[in-house]
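The structure appears right after this line, and notes come after that.
The values are calculated or read from the model by the stated rules, or taken from the named source; none is laboratory data. None of these values were measured; they are calculated from a predicted model. Heads up, the Cβs are rebuilt from the backbone with ideal geometry, glycines too, and the neighbour counts pull from every protein chain shown. Please note that ligands, DNA and RNA were not included when accessible areas were found on the heavy atoms of the full protein model with its side chains. Shrake-Rupley method; radii C 1.70, N 1.55, O 1.52, S 1.80 Å.
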Amino acid sequence: MTGGSGNNSLMDLAETLRRRVGGEVLVREPLARHTTIGLGGPADLFVRAMSVEDLRQVFLFAGEHNLPVTPLGCGSNVLVSESGVRGIVVQADGDLQDLFIEGERCLAGGGCPLSRAISETARAGLAGLEVLYGVPGTVGGAVVMNAGTRNGCVADTLESVTLVGRDGSVRDASAAELGLSYRHSALQEQQGDVFVAQAVFRLRPEDPAAIRERIARYADARRASQPLDWRSCGCMFRNPESDSAGRLIDAAGLKGLSEGGAQVSDRHANFIVVSPEATASDVRRLAEKVRRLVQERHGVTLEYEVKLLGEWPDE
Ligand SMILES: Cc1cc2nc3c(=O)[nH]c(=O)nc-3n(C[C@H](O)[C@H](O)[C@H](O)COP(=O)(O)OP(=O)(O)OC[C@H]3O[C@@H](n4cnc5c(N)ncnc54)[C@H](O)[C@@H]3O)c2cc1C
């Protein structure tokens, strides 16, 4: 689907899909533009879904044409290969970024920036989401990843979600159905078959000034511990049971280790940061080297927290 005639058929597919969705449909859109690390090849088709109906149409169209679907939030927890992603990459826009506050509940679209959900609920005197302060990304991505910090995680306040499925179905699911645990939800096993269109959080009333004060503390702690001046996709690896991946990498003496334009951060060893000339392959090669050396030195196999999207040669 990527050669000369492939491009023509992509154009045809895009044209057909444009008649079914309200949002933009782009052909061979570079995903480097949509990831915090600024790397990644093209998506065959890239759709900005404006509504639940757009999401339904994308999934139904994908089913009719036998195309894989990859949901994307802010791309802050993904590493996309240089060859990019086949099929349709879909991002939430329009109505899917809406946010409503109803009593002690916050209803946020899957594409709503998490930072906005945090600031608006804090301003409304609703506490709970501020524990996620500084986590980049969307509400949908945060639910899928059960994003969290040392102060709490999505699971603490998530009440329910609205899911759009590959068969075009729209259904509500309670947080309990999502199997949320450390940086994990059951939605990760359904990658490409389901899209988080909305999340409902149950929060608790508190003085906005007290919430703001906590946010300021969290912001200071984050600035002190993370390499925020560099492009990255956050923590590369999950923390193993009762240890920290960053500590293991640091203790193995790997801070500063590099491959091409990718380097293990000397501020936070679980971050791989990149300079402008880096490629996604540099990052993957470095990550694999780190895994090998941590295995040799500590006998621990690190698992990726970052989602690897696209085609990757076996490492
Ligand atoms: C500087 C930096 C700091 C970070 N700090 C933290 C931290 O403290 N704690 C933490 O937990 N994470 C952290 N992260 C990682 C990342 O921000 C979180 O995992 C975030 O929740 C990902 O959201 P996203 O919208 O960017 O998702 P993406 O990275 O776009 O996607 C992540 C996964 O979710 C899927 N997905 C995304 N949106 C949807 C949707 N609406 N429906 C279905 N599937 C979807 C994607 O297919 C992919 O598999 C950090 C990242 C960076 C770059």
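Count of the range 164-207 residues, restricted to those that are closer than 23 Å to Gly103 by Cα and open to solvent by less than 40 Å² (accessible area, probe 1.4 Å), is 8.
Output yes when any residue across the range 268-283 is touching a Ser or Thr at 6+ places or on another chain (Cβ under 6 Å) and aromatic (Phe, Trp, Tyr), and no when none is. For the range 268-283, residues touching a Ser or Thr at 6+ places or on another chain (Cβ under 6 Å) and aromatic (Phe, Trp, Tyr): present. Do we have Leu45 as without any contact (Cβ under 8 Å) to a residue 24 or more places away in the chain and either assigned to a strand (DSSP E or B) or in contact with a Pro (Cβ under 8 Å, 6 or more places away or on another chain) (or both) here? No. Only a single criterion out of (1) open to solvent by less than 10 Å² (accessible area, probe 1.4 Å); (2) more than 28 Å from Val21 (Cβ to Cβ) is not satisfied by Ala155, namely (1).
Listed here are the strands (runs of 3 or more DSSP E) enclosed by the range 179-290 that have at least 1 residues being assigned by TED's automatic domain parsing to the domain that holds Met145 and under 28 Å from Gly140 (Cα atoms): 194-202. Picking from residues in the range 99-129 that are touching a helix residue (DSSP H, G or I) at 6+ places or on another chain (Cβ under 7 Å) and in a helix (DSSP H, G or I), the one that is farthest from the ligand (Cβ to nearest atom) is Arg123. Selection over the range 62-81 of residues that are within 12 Å of the ligand (Cβ to nearest atom) and surrounded by fewer than 20 Cβ atoms within 10 Å (Cβ to Cβ) gives a count of 1.
Within the range 82-98, if we keep just the residues that are more than 10 Å from Met50 (Cα to Cα) and either assigned to a loop (DSSP other than H, G, I, E, B) or assigned by TED's automatic domain parsing to the domain that holds Leu114 (or both), the residue that is most open to solvent (accessible area, probe 1.4 Å) turns out to be Glu82.
When the range 8-39 is filtered for residues that are of a type outside the set (A, V, I, L, M), outside any loop (DSSP other than H, G, I, E, B) and farther than 24 Å from Ala280 by Cα, the ones remaining, listed by number, are Asn8, Ser9, Asp12, Glu15, Thr16, Arg18. Note on the range 143-164: residues that are among the small types (Gly, Ala, Ser) and more than 8 Å from the ligand (Cβ to nearest atom) amount to 3. Taking the range 130-142 as the range and being within 14 Å of Ser76 (Cβ to Cβ) and either open to solvent by less than 20 Å² (accessible area, probe 1.4 Å) or more than 10 Å from the ligand (Cβ to nearest atom) (or both) as the test, the residues that pass are Leu132, Gly137, Thr138, Val139, Gly140, Ala142. Restricting to the range 94-125, give me the number of residues that are of a type in the set (Lys, Arg) and within 22 Å of the chain's Cα centre (by Cα). Final tally of qualifying residues: 1. Please state which of the following conditions Ser265 fails to meet, knowing it meets all the rest: (1) under 20 Å from Ala224 (Cα atoms); (2) surrounded by fewer than 21 Cβ atoms within 10 Å (Cβ to Cβ); (3) touching a helix residue (DSSP H, G or I) at 6+ places or on another chain (Cβ under 7 Å). The failed condition is (3). Only one of the numbered conditions (1) without any contact (Cβ under 8 Å) to a residue 60 or more places away in the chain; (2) within 12 Å of the ligand (Cβ to nearest atom); (3) in contact with a strand residue (DSSP E or B) (Cβ under 9 Å, 6 or more places away or on another chain) is not met by Arg171, and that is (2). Residues that are among the small types (Gly, Ala, Ser) and open to solvent by 60 Å² or more (accessible area, probe 1.4 Å) were ranked within the range 222-252; the one that is modelled with the lowest pLDDT is Ser242.
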